[in-house]
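Asker: The structure that follows is given in the form of structure tokens.
The values are calculated or read from the model by the stated rules, or taken from the named source; none is laboratory data. Here the structure is a predicted model, which means the values were calculated and not measured. Cβ placement follows ideal geometry from the backbone for every residue including glycine, while neighbour counts extend to all protein chains displayed. Heads up: the accessible areas ignore ligands, DNA and RNA and are worked out on the full protein's heavy atoms, side chains in. Shrake-Rupley method; radii C 1.70, N 1.55, O 1.52, S 1.80 Å.
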Amino acid sequence: MSEHSEHKEGFIPRYVLKQMAERGNKEAEKTLIQMIKIEEKVEKEKKNTQVTNLLHSGNVAERLIYDSENTDEFKRKLIRKEGDPPVHDEVVNITYDFCGKTLDYFKNKLQRNSINNLGMDVIANVHYFNGELNNAFYFSELGQLAFGDGDGTSFKNFARSIDVVAHEMAHGITHFVNDLHYARESGALNEHFSDVIGTAVKQFVKNQTAETADWLIGDEIVGPGWRGKALRSMKAPGTAYDEDKQVAHFDDFDPTLPLEDDNGGVHYYSGIPNKAFFLTATKIGTDKAAFLWYTAWPNIHSNATFKDALGAILKSAETLVHRGELPQETVSVVKNAFEEVGVSAPVPALT
Ligand SMILES: [Zn+2]
């Protein structure tokens, strides 16, 4: 398995589309085929993209929203750039706003200057591929986002949800911070960090707290034909829809799962740290928990296990508590949260 099936996973994982296709959903089948074409397109595009273009850092990130006009082309037609007034296309405006809210969160809550922390522009392509593409992507090779319109039955337009936009932009942060290897535990951590940022930005935008939030991921893009309420639940992994394969405890982690199956379960097992994050946030607040995770992020190596990640988070917790930036009980809160999902602190244990 291959490198090439890594990183090209969209917001809707292949295994979900396969579950749908097995039930006879033609649109899901179509999206699976389209994703192969998209991979080829990105491979080609990558060769034309200069690394310097990729960073396009001007200190202050600018938003550039393009219309792919239902083609596979990137940066096809610039519709709205930073500072422009709203345009006729509502999808463009929503994307512009949600990218802006996510940048605001990065800046104000995490002290991060855009995706690469150097003011990289946020380039988003809407109406990507044909009019019914059931997915959204961050292409780290291109430094660009792409949003499909959805088929309208299973999924709505993917740009219409703040957690989708923030989740995909967070994949960009991972790319620059530690490039978590997209398989098994490290891959599940990669997905986990995107869900952490996705939910934190969503709660920020909706003025929610850990107590009032629904902790669902993708609830705003599922359509009337979706058999459930969302793609994932961070509060109760495995309960978001009728075939939800997420687990919430390390006892259910299967290290022998073949990589062909969701890269070794990156979306199944992200439920484990997701639940630990939820438990932490209910004790110290979502923003503080997100800031803690963000601080630990660069100290988690690209092949990290859940235990490694916990070790880094505990270390950051000690530092931030010492500096008075997090409440005293944070270290024990995090430890307990991970213990509840079956992950214990590495030895030598922090006492
Ligand atoms: Zn993802």
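Yes or no, residue by residue, for (1) of a type outside the set (Ser, Thr, Tyr); (2) in contact (Cβ under 8 Å) with a residue 24 or more places away in the chain; (3) touching a Cys at 6+ places or on another chain (Cβ under 9 Å); (4) within 15 Å of residue 180 (Cβ to Cβ):
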position: 264; (1), (2), (3), (4): yes, yes, no, yes
position: 269; (1), (2), (3), (4): no, yes, no, yes
position: 290; (1), (2), (3), (4): yes, yes, no, no
position: 297; (1), (2), (3), (4): yes, yes, no, yes
position: 300; (1), (2), (3), (4): yes, yes, no, yes
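Asker: Let me ask something else about it. Any chance segment 109-131 includes a residue that's outside the structural domain of residue 228 (by TED's automatic domain parsing) and within 14 Å of the ligand (Cβ to nearest atom)?
Answerer: no
Asker: Give segment 106-134 a look and list any residue that's part of a loop (DSSP other than H, G, I, E, B), more than 23 Å from residue 293 (Cα to Cα) and hydrophobic (A, V, I, L, M, F, W, C), or say none.
Answerer: Residues of segment 106-134 that are part of a loop (DSSP other than H, G, I, E, B), as a first pass: 111-119, 121, 127-134.
From what is left, the residues that are more than 23 Å from residue 293 (Cα to Cα) are 121, 127-134.
The answer is 129, 133.
Asker: Need pairs with beta-carbon distance below 8 Å; first residue part of a helix (DSSP H, G or I) and open to solvent by 10 Å² or more (accessible area, probe 1.4 Å) and within segment 158-174, second at pLDDT below 95 and more than 9 Å from the ligand (Cβ to nearest atom); sequence gap 6+ or separate chains.
Answerer: Correct list of pairs: 171/140.
Asker: I would also like to ask the following. Go through segment 176-216 and give me each residue that's more than 16 Å from the ligand (Cβ to nearest atom), outside any helix (DSSP H, G or I) and surrounded by fewer than 24 Cβ atoms within 10 Å (Cβ to Cβ).
Answerer: 206, 207, 208, 209, 210, 211, 212, 213, 214
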